[in-house]
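First the structure, in the form of structure tokens, and then the observations on it.
The values are calculated or read from the model by the stated rules, or taken from the named source; none is laboratory data. Just so it is clear, the model here is predicted, and its values are computed rather than measured. We place every Cβ from the backbone using ideal geometry, glycine too, and count neighbours over all the protein chains shown. Accessible surface areas use protein heavy atoms only, side chains included; no ligands, DNA or RNA. Shrake-Rupley method; radii C 1.70, N 1.55, O 1.52, S 1.80 Å.
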Amino acid sequence: MNCDLACDEEKVIYKAKEILNGLRQLFGYFDNSLVKEIKVESPIIISYSSIIRGNYDYDSKTVTVNCINGIICVETLIHEIIHSNGKYIYIKDRRTRMYIEGLTEFFTLYYLKKKLSYCLDHRFTDEICKINKDYEVYTTFWGNLALVVGINNLWDYYVRGEPNIDDLIKNDVFITFSKMEKMYKIKVKDLVDVITELQ
């Protein structure tokens, strides 16, 4: 059992098919037709500390994962496939983009917990594949919300914008945490506790 994939497009496509089937099992109305093509490419380097591991192109319905040091992270493949079903196609506002990346990452962790539990630690510890630190606080927000409203309601929000919880994500994430605690009468948990409690 491995969380790293070889930089071989055929093997990555095979794994993507497994992931798509797994997502259909977790979310009955996951639309597999939104992934038309899977590509393996060389990484795009933004700076020495920032490498783009993958992306999803909404126009061509193409998932691209980047080969870094001879591997592709299975978590990146999952994350980019999940993006295909998100309703937020072109987000100009950085704050909203970070919330949506956090929600996509939350669903990635949920998938790992349910289908590839041996990769959960990998997502937190592997130097190449670990969760983007910029997204972690937003992922924590969504995880806490999932414990209150349920995974299926969050999935509905992700793919349809229903229920409408956009007022919560208009603010700085720490203000949002405070609002969420008051609104749902909860104490915010850290991400590891949330993942542990997920059903």
Using the charge dipole of the chain (Lys, Arg: +1 at Cβ; Asp, Glu: -1 at Cβ; taken about the Cα centre), state which of Phe27, Met180, Pro43 has its Cα farthest towards the positive end. Met180
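Kyte-Doolittle cut-off -1.0, length cut-off 27 Å along the helix's own axis using Cα: show which whole DSSP H helices in the chain pass.
On the way: long enough: 94-115 (31 Å, -0.69).
Helix filter hits for the chain: 94-115.
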Which residue, chosen from Trp142, His83, Gly70, occupies the Cα position most advanced towards the positive end of the dipole of the chain, where the dipole is computed from +1 (Lys, Arg) and -1 (Asp, Glu) charges on Cβ about the Cα centre? Trp142
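Working out 0.36 nm times the residue gap between Asn132 and Asp190, then minus their Cα-Cα distance, what length gain in nm do you get to one decimal?
Working: separation 58, 0.36 × 58 = 20.88 nm, distance 1.57 nm.
Contour length minus Cα-Cα distance gives 19.3 nm.
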Nearest-20 debye value, the chain charge dipole, Cβ charges on Lys, Arg, Asp, Glu: 480
Would you mind getting the accessible area per residue of the range 72-130, heavy atoms of the protein chains only, 1.4 Å probe, in Å²? 38
Suppose R0 equals 30 Å; then what is the FRET efficiency for Ser60 and Asp93 from their Cβ-Cβ distance, rounded to the nearest 0.05? 0.80
Modelled label-to-label distance, Asp121 and Lys179, 7 Å Cα→beta-carbon offset: nm? 3.8
By average Cβ neighbour count within 10 Å, what is the ranking of 75-87, 105-117, 4-16 from highest down? 75-87, 105-117, 4-16
Could the peptides 53-66, 21-34 be put in order, highest first, of the mean number of other beta-carbon atoms found within 10 Å of their residues? 53-66, 21-34
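Calculate the dipole size of the range 106-199 relative to its Cα centre from +1 charges on Lys and Arg beta carbons and -1 charges on Asp and Glu beta carbons; express the result in debye to the nearest 20. Could the numbers behind the result be given before it?
Numbers: 13 positive and 14 negative charges, 45 e Å.
So the magnitude is around 220 debye.
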